[in-house]
Amino acid sequence: MLRIFILLFLSVLLSACEQGPSPEEMVAISQTLAPDDPQLNEIYQRSCQNCHTLASTGAPLTGDISAWQTRLDKGKNTLLENVINGFGGMPPFGLCMECNADQLTALIDFMAQQPN
Amino acid sequence: MQSRRTFLQQLMGAAAVLAMPTHLLAAKSNALPWRNWSGSQVCYPNTRSAPANLAQLQTLLKESQGVIRPVGSGHSFMPLVPTNDTIVSLSRLSGLISVDADKQQARVWAGTRLGEIGEPLAQNRQALLNMPDIDEQSLAGAIATATHGTGAHITCMSDYVEAMQLVLANGDTLECSRTQNSDIFNAARVNLGALGVVSQVTLQNQAPYKLKRETTWLPIEEILDNAHDLADNNRNFEFYFIPFTGMGFIDVQNITDEPITEMEKLDQNDGAEDLKTARDLLSWSPKLRELVLGTYMKTLPKEVNVANSWQNYASERNVRFNEMEYHLPRENMLSAFKEIRHIVETQFPEVFFPFEVRFIKQDDIWLSPFNGRETCSIAVHRYHQEDYTAMFAAIEPVMQKYQGRPHWGKINTMTANQLAGHYDRWSDFKAIRQQLDPKGQFLNPYLSSLFRS
């Protein structure tokens, strides 16, 4: 009986591990993340963070690697163009009107948790 | 329990939302394009700057060559921003500066987004008198364009301004208020960014309050029969009409002491996508479209939400669109609405976005579209990837026939002469503008056409 219980417990634990954080946990995680670079962080806090840490916007959450992978598969240039031109609910430049291409790329890398 | 969206999709014989081609335009040479929210306005500024403090803003304006245009969140659909010289964002000049508890006033950096004002004010026992139905705009941009909420007894946001600080083209700061530089103040309360860069604003607020919001779906004829009474008898009232459905919904808000609630809200972005799907599948038969959508809408229950005021005014708008909105004398609203509805439902079967009708109290601000008359605004929309020109060209004459004044930030074709006929203080505004910016550094081609003709 104990063996069955342990097996059941491990299977639940394993399935939880495989599933990763729940949506609510992912939102909480995204809200704790910030770029290491102070300048980039300052931009992030007043622009991307407003949508990419809220599930209701539909934007891929900061640090949600699986959600970002489907976007990254389109290629970084495409993602950069989407930011510049706007995409879906995301306004052009994602509210950072003064950002240059390098900064926008760095923000994408940060939110997708890509090495920059 | 079956969700509302699933029910609607079953009625339509669910089909995948048609994917619209993505608008991907290559950036010109080395200059990145600036675009407004909907993508309908574009320019390639040589310089895009976000000063970190007042001194940097002053230096930027003093040393810039060519045209300088302030940019907020880009929610204007008219060419108020485009320049290929310098655009300046105040996004780093954001937050609460000081409060006056006795007067219930607050001094705020003008780059603050409306959605970021509510909580700090609440922490200081204050709340905005009213807010529009989105809160992405910068405070400066909202004031510059007479942004408004709804409420027959409530004025637009520019009327909550008690004092302002402008940074002029020569880098000097200028303070103005109801009692200091009052002519400049009255011009600057709706300024289109043409007088200088507004850097700080003193707002008249009130004590914090909760709002009870009640959203009810009704046949449009019933809404129209009762619209004026509902506006007079509720603090905030507005209604939406969904073309080709015979239905609309009313939003009524009143101050309440009831506890804050959490109720599933109809997601307006999901709603827009569903209406688009219905259009894609059923535009060939307006009667079937009305039957399907009307049936669905009659099943939608009344929504009631109680929240802090600053959490209950605005909705997220993640489906982008282009918009025309005119502000009409209140007594003309019903006639204009009926004609506009007829035009859309007989000539434009592809339209799926709702109309929005709001009520605004008159004020005395020089360039306010609500100057001198109780007002109703009628707004029509087109999906951002669709050509709006034919529809808006068909509707605009109706708006003008009924003495409408266009929203400064929304699509219109009014010339300087036409606008001057609507504003008694037009020449006075031009004189103040000339005084503050004699070289026209804040005038792009559109603003030049208005104020230098």
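The values are calculated or read from the model by the stated rules, or taken from the named source; none is laboratory data. Computed from a predicted structure; not experimentally measured. In this analysis, Cβ positions are derived from the backbone assuming ideal geometry, glycine residues included, and neighbour counts consider all displayed protein chains.
In region A:1-56, counting only helices (runs of 4 or more DSSP H) that sit wholly within it, the ones holding 3 or more residues that are at pLDDT below 85 span A:2-19. Do we find that residue B:146 is touching a Pro at 6+ places or on another chain (Cβ under 6 Å) and either under 22 Å from residue B:235 (Cβ atoms) or not basic (Lys, Arg) (or both) in this structure? Considered against the rule, which asks whether it is touching a Pro at 6+ places or on another chain (Cβ under 6 Å) and either under 22 Å from residue B:235 (Cβ atoms) or not basic (Lys, Arg) (or both), residue B:146 comes out as yes.
Residue under question is residue B:326, and the condition is that it be of a type in the set (Phe, Trp, Tyr), farther than 20 Å from residue B:410 by Cα and not in a loop (DSSP other than H, G, I, E, B); does it hold? It would help to see each step written out before you state the result.
On the way: of a type in the set (Phe, Trp, Tyr): yes; farther than 20 Å from residue B:410 by Cα: no; not in a loop (DSSP other than H, G, I, E, B): yes.
When the stated conditions are applied, residue B:326 does not pass them.
Considering only residues in region B:90-103 that are more than 13 Å from residue B:120 (Cα to Cα) and surrounded by 17 or more Cβ atoms within 10 Å (Cβ to Cβ), the one that is nearest to the other protein chains (Cβ to nearest Cβ) turns out to be B:91.
Residues of region B:381-438 that are modelled with pLDDT under 95 and in contact with a Lys or Arg (Cβ under 9 Å, 6 or more places away or on another chain): B:383, B:384, B:385.
Filtered by the rule that a residue be touching a residue at least 40 places away in the same chain (Cβ under 8 Å) and either within 14 Å of chain B (Cβ to nearest Cβ) or under 18 Å from residue A:90 (Cα atoms) (or both), region A:29-60 gives A:40, A:43, A:44, A:46, A:47, A:48, A:50, A:51, A:52, A:60.
Taking the options B:378, B:411, B:365, name whichever one is under 25 Å from residue B:157 (Cα atoms), touching a helix residue (DSSP H, G or I) at 6+ places or on another chain (Cβ under 7 Å) and in a strand (DSSP E or B). It would help to see each step written out before you state the result.
Working: B:411 fails: in a strand (DSSP E or B); B:365 fails: in a strand (DSSP E or B).
One residue alone meets the criteria, B:378.
For residue A:73, the conditions (1) away from chain B (no Cβ under 14 Å); (2) surrounded by 13 or more Cβ atoms within 10 Å (Cβ to Cβ); (3) farther than 26 Å from residue B:81 by Cβ all hold with the exception of (2).
Given the conditions (1) hydrophobic (A, V, I, L, M, F, W, C); (2) surrounded by fewer than 23 Cβ atoms within 10 Å (Cβ to Cβ); (3) farther than 30 Å from residue B:406 by Cα, which single one is not true for residue B:57? Unmet for residue B:57, out of (1) hydrophobic (A, V, I, L, M, F, W, C); (2) surrounded by fewer than 23 Cβ atoms within 10 Å (Cβ to Cβ); (3) farther than 30 Å from residue B:406 by Cα: (2). Restricting attention to region B:110-137, which residues are under 14 Å from residue B:309 (Cα atoms), assigned to a loop (DSSP other than H, G, I, E, B) and among the hydrophobic types (A, V, I, L, M, F, W, C)? B:117, B:128, B:129, B:131, B:134 - these are the residues of region B:110-137 that are under 14 Å from residue B:309 (Cα atoms), assigned to a loop (DSSP other than H, G, I, E, B) and among the hydrophobic types (A, V, I, L, M, F, W, C).
Condition (residue is within 14 Å of chain A (Cβ to nearest Cβ) and in contact with a His (Cβ under 9 Å, 6 or more places away or on another chain)) applied to region B:321-339: is it met by at least one residue? Reasoning before the result, please.
Here is the first cut: in region B:321-339, the residues within 14 Å of chain A (Cβ to nearest Cβ) are B:321-322.
Still in the running and in contact with a His (Cβ under 9 Å, 6 or more places away or on another chain): B:321-322.
Yes, region B:321-339 contains a residue that is within 14 Å of chain A (Cβ to nearest Cβ) and in contact with a His (Cβ under 9 Å, 6 or more places away or on another chain).
Inspect all residues belonging to region B:92-99 and state whether any of them is out of contact with any Ser or Thr (no Cβ under 7 Å at 6 or more places or on another chain), assigned to a strand (DSSP E or B) and of a type in the set (Gly, Ala, Ser). There is at least one residue in region B:92-99 that is out of contact with any Ser or Thr (no Cβ under 7 Å at 6 or more places or on another chain), assigned to a strand (DSSP E or B) and of a type in the set (Gly, Ala, Ser). When the residues of region B:293-351 are filtered to those that are over 22 Å from the mean Cα position of the chain (by Cα) and polar (S, T, N, Q), the one that is surrounded by the most Cβ atoms within 10 Å (Cβ to Cβ) is B:305. The set of residues in region A:87-116 that are facing chain B (nearest Cβ under 7 Å) and within 20 Å of residue A:30 (Cα to Cα) comprises A:89, A:95.
Restricting attention to region B:1-45, the residues being at pLDDT 50 or above and either in contact with a strand residue (DSSP E or B) (Cβ under 7 Å, 6 or more places away or on another chain) or outside any loop (DSSP other than H, G, I, E, B) (or both) number 9. Please verify whether residue B:188 is in contact (Cβ under 8 Å) with a residue 24 or more places away in the chain, of a type in the set (Gly, Ala, Ser), out of contact with any helix residue (DSSP H, G or I) (no Cβ under 7 Å at 6 or more places or on another chain) and buried (at least 19 other Cβ atoms within 10 Å of the Cβ), treating the condition exactly as stated. Yes, satisfied.
Given the structure, is residue B:290 free of Cβ contacts under 8 Å to residues at least 60 places away in the same chain, more than 30 Å from residue A:92 (Cα to Cα) and not in a helix (DSSP H, G or I)?
It is false that residue B:290 is free of Cβ contacts under 8 Å to residues at least 60 places away in the same chain, more than 30 Å from residue A:92 (Cα to Cα) and not in a helix (DSSP H, G or I).
Checked against (1) free of Cβ contacts under 8 Å to residues at least 24 places away in the same chain; (2) over 30 Å from residue B:397 (Cα atoms); (3) not acidic (Asp, Glu), residue B:304 passes all but condition (1).
Please go through region B:73-95 and pick out each residue that is under 14 Å from residue B:49 (Cβ atoms), touching a Leu at 6+ places or on another chain (Cβ under 9 Å) and not hydroxyl-bearing (Ser, Thr, Tyr). Result: B:88, B:90, B:93.
Considered as a group, the residues in region B:223-256 that are among the aliphatic types (A, V, I, L, M) and more than 26 Å from residue B:295 (Cα to Cα) include one that is surrounded by the fewest Cβ atoms within 10 Å (Cβ to Cβ), and that residue is B:255. If you take the residues in region B:104-117 that are away from chain A (no Cβ under 14 Å) and in contact with a Ser or Thr (Cβ under 9 Å, 6 or more places away or on another chain), which one is surrounded by the fewest Cβ atoms within 10 Å (Cβ to Cβ)? Here the residue is B:107.
Taking the listed residues B:140, B:163, the one that is in contact with a Cys (Cβ under 9 Å, 6 or more places away or on another chain) and either at pLDDT below 95 or not in a loop (DSSP other than H, G, I, E, B) (or both) is B:163, with no other qualifying.
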